[in-house]
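Take a look at the structure set out below.
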Amino acid sequence: MAGEKKKGFIAEFKEFLSQGSAMDMAVGIIIGGAFTAIVSSLTGDIINPLITFITGGNGTEVGGLVVPGTEIDFGKFISACINFVIIAFVVFCLVKGINAFRDKAQKLRGGEVAVEEEETHAPACPYCLEEVKAGAVRCPHCGGSFEEPAA
């Protein structure tokens, strides 16, 4: 460690920012924030009024889902659950799509193409059926002699 040169704080910070994972995280947070606003509008402006209409509420709260005289509001809880399910589903679809895109891009670049290689079996002695090295003329196990080198 005595020969290592220590990086400054600013240099480490620049290195951190230039890594792809930091950029991916930043983009994900920004898109997540924007998407949360869309999902909140969907549940607040479309789904909750639909529930209010179906349950016969007064338009300001989901009828029958608020416990009278308390702060307990099942409508808000249901809305939060719906928000979560929608966001989780969209994130799942995005991740699945991105992974498929990366796999195709990697195949096009020629990296790590999934090619199954044939299993090569070591030659076996015809007498004792033990494995022998390729090119052997005698079996190391039983001493049997081969007419041709083992292949």
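General remarks:
- Each residue in region 128-146 was checked for being loosely packed, with under 13 Cβ neighbours inside 10 Å and either small (Gly, Ala, Ser) or at pLDDT below 85 (or both), and 4 pass.
- Within region 65-83, residues that are modelled with pLDDT under 75 sit with their Cβ atoms under 7 Å from residues that are in a loop (DSSP other than H, G, I, E, B) and among the acidic types (Asp, Glu), at 6+ positions apart or across chains, in these pairs: Gly75/Glu61.
- Residue check, Ile54 at pLDDT 80 or above and of a type in the set (Val, Ile, Thr): no
- In region 95-127, residue farthest from the chain's Cα centre (by Cα) [restricted to those that are of a type in the set (A, V, I, L, M) and modelled with pLDDT of 80 or more]: Ala124
The values are calculated or read from the model by the stated rules, or taken from the named source; none is laboratory data. This one's a predicted model, so the numbers in the text were calculated from it and none came from an experiment. Counting neighbours? That spans all protein chains shown, and the Cβs are built from the backbone with ideal geometry, glycine included.
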